[in-house]
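The values are calculated or read from the model by the stated rules, or taken from the named source; none is laboratory data. Fair warning: this is a prediction, and the values are worked out from it, not measured in the lab. Every residue, glycine among them, receives a Cβ derived from its backbone with ideal geometry; neighbour counts consider all protein chains shown.
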Amino acid sequence: MARPGLRFLPLLPALVLTAFAPWVIADTRSSVVPTTDPGGFEIEGDLLANSPTLNTTDWVPHDPGTSTGVLTSGGTPVDPAHTFHLIDAYDNSDDVFSTGMTLAIMPSNWTWTTSLAARDFNNGLLHLTTDQAGHTWLFCALDRKSTSSTAFMSIELLQGTLVKNADHTFSASGTQQGRTVDDVLLTFVFDPTSPSLSAARWIELSPGSFGFSPFSLPPNAFTFAINSAGAVDVPFGSFGNPTLPTNQFVELGVDLVALLDQSPITFQSIFIYMRSSTSTSSAAISDFIAPLPLNVRVAGVEQAPADGYDLRIASSNPSSGRVELELRLPAESRVDLRVFDLAGREVGRIASGVFPAGRTRATWQPSRQRRPAGLYFVRMNTPARTIVRRVEILP
Ligand SMILES: [Ca+2]
Ligand SMILES: [Ca+2]
Ligand SMILES: [Ca+2]
């Protein structure tokens, strides 16, 4: 279903390294995200609106306060175009991946069975909304039955369709047996003492060889919280109970703008599943929630931003060496142009000074010895605006 009301403006992502060393940001980051939901959406580790912060939106209604839930107390989405309540079976009636399924097996080859999940979900809550800057946010809340081990919760955003079939297979339309270059995989590590969120992107690692490649989440582009402080109310029920015990609930929010580069992209499916580790290849996959069909168009920003500032990669990207850049300024302006690696280390200063209005060319020539192949960010700073573009340097 189309969501014409949503607008997605991309920005800076990153990739690189190996498929085995995800860029992980640890820390619990409770916050009220300034979305257009009344009062903003509160990510603090419970489901109740107006609590503890008054007049903030959350998953379910709660008095007192002026804001409300995006679901009813019974768990029904108030706006079914933007909020989804996925319900998964639990205990022995659950649909789970067959033994031997891993993240390295392509979706078209996955199979499932019915049994008790090693790591069990019951509810998956999703809410797509927009912040005051026009960025689209994806909020997700998940429960888990067991606290006996760390849970690795995956949220995969696929450009292709993904359907669970009655004959215990899946049908997936993505280009590489179900996945498509630039599909996104978010992973929440539910470790109560060290929770973290990481992201990876499906890329062509070498000609004909594909895999997930980690990329950093910009610091202001995500938030998450678990119920480490105690049980939380779940009015519509979780694993048959009206509350979820300590450390069995997580909610997170991601600014989708920050996951994307300049290229427009459409996600047609969102798929939530558990896996056994952070590995994006060998991890066993266990419980899943039936994939949700979406049609979320994330517009590119090849079109210059309305204020006239822009930074474009004028040479091919990925690049085998020299990177040509084009700066666009609506007025004479001080500009600082630098390059950073995935860890945020500055690796190059391209230009610094006052530049004229209009278009100016600049060049970054990475040193082959000091700048290994991988992903870099080019950042243009002006007093009015900061723009970051992703550049991939090929081996
Ligand atoms: Ca909350
Ligand atoms: Ca399931
Ligand atoms: Ca389940």
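Rundown of residues vs (1) surrounded by fewer than 20 Cβ atoms within 10 Å (Cβ to Cβ); (2) within 16 Å of ligand 1 (Cβ to nearest atom); (3) under 25 Å from V32 (Cα atoms), yes/no style:
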position	(1), (2), (3)
G74	yes, no, yes
V78	yes, yes, yes
A89	yes, no, no
M101	no, no, no
I105	yes, no, no
L125	no, yes, yes
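Within the range 55-67, if we keep just the residues that are surrounded by 24 or more Cβ atoms within 10 Å (Cβ to Cβ) and not in a loop (DSSP other than H, G, I, E, B), the residue that is farthest from ligand 3 (Cβ to nearest atom) turns out to be T57.
Test E332 against the criterion of being surrounded by 13 or more Cβ atoms within 10 Å (Cβ to Cβ) and either of a type in the set (D, E, K, R) or modelled with pLDDT under 80 (or both), and give yes or no.
On the way: surrounded by 13 or more Cβ atoms within 10 Å (Cβ to Cβ): no; either of a type in the set (D, E, K, R) or modelled with pLDDT under 80 (or both): yes.
Against the criterion (surrounded by 13 or more Cβ atoms within 10 Å (Cβ to Cβ) and either of a type in the set (D, E, K, R) or modelled with pLDDT under 80 (or both)), E332 does not qualify.
Number of residues in the range 367-384 that are at pLDDT below 80, of a type outside the set (S, T, N, Q) and more than 18 Å from A200 (Cα to Cα) equals 4. Please verify whether the range 44-54 includes one or more residues that are closer than 22 Å to L252 by Cβ and surrounded by fewer than 17 Cβ atoms within 10 Å (Cβ to Cβ). Looking for residues that are closer than 22 Å to L252 by Cβ and surrounded by fewer than 17 Cβ atoms within 10 Å (Cβ to Cβ), one finds at least one in the range 44-54, hence yes.
In the set (1) modelled with pLDDT of 95 or more; (2) in contact with a Phe, Trp or Tyr (Cβ under 7 Å, 6 or more places away or on another chain); (3) of a type in the set (A, V, I, L, M), the condition left unmet by A231 is number (2).
A Cβ distance below 7 Å, combined with a sequence gap of six or more or placement on separate chains, defines the contacts here; from the range 90-108, residues that are without any contact (Cβ under 8 Å) to a residue 24 or more places away in the chain reach residues that are surrounded by fewer than 14 Cβ atoms within 10 Å (Cβ to Cβ) in the pairs S93/T114. Taken across the range 293-314, residues that are more than 19 Å from the chain's Cα centre (by Cα), at pLDDT 85 or above, assigned to a strand (DSSP E or B) and among the aliphatic types (A, V, I, L, M) do occur, with at least one present. D255 meets all of the listed conditions (1) surrounded by 15 or more Cβ atoms within 10 Å (Cβ to Cβ); (2) charged (D, E, K, R); (3) over 23 Å from L125 (Cβ atoms) but one, namely (3). When T68 is tested against the conditions (1) modelled with pLDDT of 95 or more; (2) away from ligand 1 (no atom under 14 Å from the Cβ); (3) over 22 Å from the mean Cα position of the chain (by Cα), the lone failure is (2). Taking the listed residues S115, S154, the one that is assigned by TED's automatic domain parsing to the domain that holds F190 and more than 16 Å from L186 (Cβ to Cβ) is S115, with no other qualifying.
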